[in-house]
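Worksheet: the structure to be examined is printed underneath.
The values are calculated or read from the model by the stated rules, or taken from the named source; none is laboratory data. Because the structure is predicted, anything quoted here is derived from the model rather than measured. Cβ: placed from backbone, ideal geometry, glycine included. Neighbour counts: every protein chain shown. Note: accessible area is taken over every heavy atom of the protein model, side chains too, but ligands, DNA and RNA are not part of it. Shrake-Rupley method; radii C 1.70, N 1.55, O 1.52, S 1.80 Å.
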Amino acid sequence: MATTMQGHSGPRLFGRERTLHAALGGRRAADIILWRDKKASASILAAATAAWGLFEVAEFHFLTLVCYAAMVGMLVFFVWTNASSFFNLPVPRVPDPETLLSERATRQAIQGAHRRLSRLVQTLYDIACGKDLKMFILTVLSLYIASVVADCFSSLTLLYLVVLGAMTLPALYERYDSEVDHLVARGVHDLRTHFADMDSGVLRKIPRGAGAAAAK
């Protein structure tokens with residue numbers, strides 16, 4: 001869970017041996033998440049907040065908003081196109097869809113999502129087989145907590161909270177990493193102590209299934 005990095009006095013969260021920027025990929029996405037590109041980060045957070053405010057707070061319907069945006073865009077293009085010949089204005093041009101989203105980028109995104117989904121399904125299958133009873137209990141408990149949290153919020157609010165956390169928590173952690181690593185290390189130590197007591201007193205007495213016995 002934790003390891004020690006050069007130039008850092010304590011254990012690092014998730015056993016990282018690299019900087020947080022490198023752990024996040026070290027590319028433009030990491031720059032945006034860690035607010036290295038403040039303009040792009042602020043734009044994404046503002047767009048997510050505006051969308052959440054329109055659909056969740058103001059209770060706009062998505063299709064209604066799309067229709068209004070399409071009508072306004074068509075009116076602007078219609079007036080601009082017809083007025084360009086009278087006022088010597090350049091004719092508006094729509095960007096080529098190929099330049100906005102290429103087929104190669106779309107294919108790579110789909111393949112990446114497929115690989116992650118397959119890895120997730122395989123991991124859940126291994127856990128469900130009972131190969132690691134402690135991980136099985138942690139996974140079931142985590143799924144139950146996630147279901148309780150999801151029941152308290154709408155899907156859109158939950159998605160917005162995920163975006164908000166992704167755009168704020170990593171940047172805050174990068175700023176206060178020493179304090180967070182120290183608190184997490186103490187929490188992990190206490191959790192492992194409790195699990196060791198539970199394992200010796202309860203879990204080892206539970207009979208394993210055929211899948212778990214074969215895995216051993």
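The table below gives the values:
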item: Selection status of residue 86, assigned to a helix (DSSP H, G or I), at pLDDT below 85 and not β-branched (Val, Ile, Thr); result: yes
item: Selection status of residue 52, part of a helix (DSSP H, G or I) and of a type in the set (Phe, Trp, Tyr); result: yes
item: Test: residue in the stretch 156-178 that is modelled with pLDDT of 80 or more, among the acidic types (Asp, Glu) and more than 22 Å from residue 126 (Cβ to Cβ); result: yes
item: Qualifying positions in the stretch 21-39 - in a helix (DSSP H, G or I) and under 14 Å from residue 164 (Cα atoms); result: 32, 33
item: Residue satisfying all of: in the stretch 165-178; under 17 Å from the mean Cα position of the chain (by Cα) and of a type in the set (Ser, Thr, Tyr); least open to solvent (accessible area, probe 1.4 Å) among these; result: 173
item: Answer residue from the stretch 123-164, given it is surrounded by 11 or more Cβ atoms within 10 Å (Cβ to Cβ) and of a type in the set (D, E, K, R) and is nearest to residue 51 (Cα to Cα) among those; result: 126
item: Unmet requirement for residue 133, which otherwise passes all of (1) farther than 30 Å from residue 196 by Cα; (2) in contact (Cβ under 8 Å) with a residue 12 or more places away in the chain; (3) in contact with a Leu (Cβ under 9 Å, 6 or more places away or on another chain); result: (1)
item: Residue satisfying condition, being more than 21 Å from residue 159 (Cβ to Cβ) and at pLDDT below 85, within set 141, 133, 124; result: 133
item: Counted residues, the stretch 20-55 - those being in contact with a Phe, Trp or Tyr (Cβ under 9 Å, 6 or more places away or on another chain), of a type in the set (A, V, I, L, M) and open to solvent by less than 50 Å² (accessible area, probe 1.4 Å); result: 5
item: Contacts under 7 angstrom Cβ, first residue in the stretch 184-197 being closer than 17 Å to residue 135 by Cβ, partner open to solvent by less than 80 Å² (accessible area, probe 1.4 Å) and of a type in the set (A, V, I, L, M), 6 or more apart; result: 188/2
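Residue-by-condition table, conditions (1) without any contact (Cβ under 8 Å) to a residue 24 or more places away in the chain; (2) over 19 Å from the mean Cα position of the chain (by Cα):
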position: 26; (1), (2): yes, no
position: 36; (1), (2): yes, no
position: 44; (1), (2): no, no
position: 47; (1), (2): yes, no
position: 53; (1), (2): yes, yes
position: 57; (1), (2): yes, yes
position: 67; (1), (2): yes, yes
position: 75; (1), (2): yes, yes
